[in-house]
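Okay, so here's the structure we're looking at.
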Amino acid sequence: MENNIFNFREISDECIKCGKCIPECTIHRVNPDETTSPRGFLDLLAGYQNGDIELDKNAKDIFESCFLCTNCVQVCPNHLQTDFAIENVRKDIADKYGISWFKRVFFYLLRHRKVFDLVAKMGYMFQTCGFKIEEEKNAMRSKFSIPLVKKGRLLPSMKKKSFLNKYPEKIPAKNPKKRVAIFIGCLANYNFVEVGDALVKILKALDIDIFIPKKQMCCSAPAYFTGDFDTTDKLSKFNMDYFSEWIDEVDAILVPEATCSAMLKVDYEHYFKEYAPEYLEKHKKINSKIFGATEWLYKETNLNELLAKKAMQNDKITYHDPCHFRKVQGIYKEPRSLIEKNYNLIEMSDPNICCGFGGITMQTEKFDLAQKAGKIKADMIDETKADVVAAECSACRIQITEALNNNKSDVIFKHPLELIANAL
């Protein structure tokens, strides 16, 4: 066995094999095999730790097929951290087999913001058909419209200027009631800048001081879920050290991305507990001020009352629960409460089912599985007859937009903050 201090057998031994996780498992839903189920994963992990199972390419393929949606954790009577076990065995996989060259390049960019800025700027200038979204003739079919691709893989295009480079570090309010920092996340920084634009607009309307810490780095979720713990270590420690410099000056750190907020709040704690316990106290202090954007806006401001004074919009909205929001952080009522003040909110049959993004490996080497999971979600969305599907996650945005495009659907995706800012 590789040098991993994580105890897989301890979790596996607590599994009572009740099977409650099976119907809820995203990979089992699209690949119904006991091997690719939570209890199957746990049995294999115990065998691996016992030395009965080799971490060969077959085992590698199995462990990389988990979507890390955490459905199993939620329904498990013992709340076993199967997702955390999978994340740790992926470290061993990375140590033994290395990481694909394109992932190494991407993780290098995550560790070097200035280089990423340069690449993003070049990406905007020289976008090929693989990255540039083709405009449909009828793209502006509503005020929420976005261009659709006609065929082929849908990938987000780069923006002319990133969010962090677009705004000054401090945006003072006239009569500030509170002061917040914004942790924007990589996708919202480079691809979906309109998310940050919306958050800034909302905070200005609420007369809240805005601090945009310019040295913030990627939360490290892409690397962590892939098994690159070296990148995870560098980025997580840097962020904690950097946040410590100004954390006493803000009331909250707002994160408009479900995956980023979950990584900063929950996965950092897990990681530090196992690999860097000296950071636990620092994280505990910072963690108390980290919030999902709509969570904090709902709980700590009068945004609800402000929206209630605004006109109702004609658009019908359905809301998808990102796995890292509802299942990991318990956030699902807050965004709905804010959206329904000005829109007709229509629930899909199961908003809590994973959309199937699943991380970099799923989106590249196992995209056929992501497509199958995405098809299930897209069909649910189409059944609602909604105009817009919303979710507080840019990874879900990529996956759901792709799935809807494959469905030839007219439903478009908007972040809840965009809907709220439009209502204001």
field: Phi to ³J(HN,Hα) by Karplus 6.51 cos²θ - 1.76 cosθ + 1.60 over segment 377-385, Hz, x for Gly, Pro
entry: 5, 4, 5, 4, 5, 4, 5, 6, 6
- line: Out of Asn88, Phe63, His28 - ranked by how far each Cα lies towards the positive end of the dipole of segment 8-97, with unit charges on the beta-carbon of charged residues - the top one is His28
query: If contacts are Cα pairs under 8 angstrom and at least 6 residues apart, what is the relative contact order of segment 308-423 in percent?
result: 31 percent
field: Nearest-20 debye value, segment 8-97 charge dipole, Cβ charges on Lys, Arg, Asp, Glu
entry: 200 debye
statement: For Lys96 and Met122, extending 7 Å from Cα along the Cα-Cβ vector and measuring point to point gives, in nm, a value of 3.6 nm
- prompt: How would you rank Cys72, Cys18, going from fewest to most other Cβ atoms within 10 Å of each one's own Cβ?
  reply: Cys18, Cys72
query: Using a Cα distance threshold of under 24 Å, what count of lysine pairs results for segment 292-388 when pairs must be 8 or more residues apart or interchain?
result: 27
- prompt: Quick one: helix 394-406 against the long Cα principal axis of the chain, what's the angle to the nearest 10°, folded into 0 to 90?
  reply: 90 degrees
- prompt: Which listed residue (Tyr298, Ile253, Ala311) has the Cα farthest towards the positive end of the charge dipole for segment 217-324, taking +1 on Lys and Arg C-beta and -1 on Asp and Glu C-beta about the Cα centre?
  reply: Ala311
message: Quick check for me: using +1 on Lys/Arg Cβ and -1 on Asp/Glu Cβ, what's the dipole size of the chain about its Cα centre, in debye to the nearest 20?
response: 1820 debye
field: Cut-off of 10 Å, at most 16 other beta carbons, DSSP loop: longest stretch of the chain lacking such GluC sites (Glu not before Pro)
entry: 170-339
query: Taking the mean number of other Cβ atoms within 10 Å as a proxy for protection, how do you rank 26-32, 318-324 from highest to lowest?
result: 318-324, 26-32
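Tell me the net charge near Asn7. Cut-off is 10 Å between Cβ atoms, Asn7 excluded, with +1 for each Lys or Arg and -1 for each Asp or Glu. Could the numbers behind the result be given before it?
Details: positive: Arg9; negative: Glu10, Asp13, Glu274.
Local charge sum for Asn7: -2.
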- request: Could you work out the relative contact order of segment 176-286, using alpha carbon pairs under 8 angstrom and six or more residues apart, expressed as a whole percent?
  value: 34 percent
field: Summed side-chain charge close to Gly330 - residues other than Gly330 whose Cβ falls under 14 Å, Lys, Arg +1, Asp, Glu -1
entry: +2
task: Report the dimensions of the chain along its three principal axes from the alpha-carbon atoms, largest first, rounded to Å.
output: 63, 48, 45
Computed [θ] at 222 nm, deg cm²/dmol, the chain (DSSP H ≥ 4; -39,500 (n - 2.57); rounded to nearest 500): -14000 deg cm²/dmol
statement: In nm², the average projected area of the convex hull spanned by the Cα atoms of segment 295-361 is 5.5 nm²
- request: Just need the relative contact order of segment 1-105 here, percent rounded to a whole number, with Cα pairs under 8 Å and 6+ apart.
  value: 35 percent
field: Degrees separating the helix 113-125 axis from the principal Cα axis of the chain, which is the longest one
entry: 60 degrees
task: Count the net charge of all other residues whose Cβ sits under 11 Å from the Cβ of Leu68, scoring Lys and Arg as +1 and Asp and Glu as -1.
output: -2
- line: Partner aspartates and glutamates whose C-alpha sits under 19 Å from that of Lys166, ignoring same-chain residues fewer than 8 away, are Asp117, Glu194, Asp197, Asp209, Glu257, Glu418
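Bear in mind these aren't lab numbers, they're just calculated from the coordinates by the rules spelled out. Being a predicted model, the structure only gives us computed values, none of them experimental. Glycine gets a Cβ as well: all are built from the backbone with ideal geometry, and neighbour counts include every protein chain shown.
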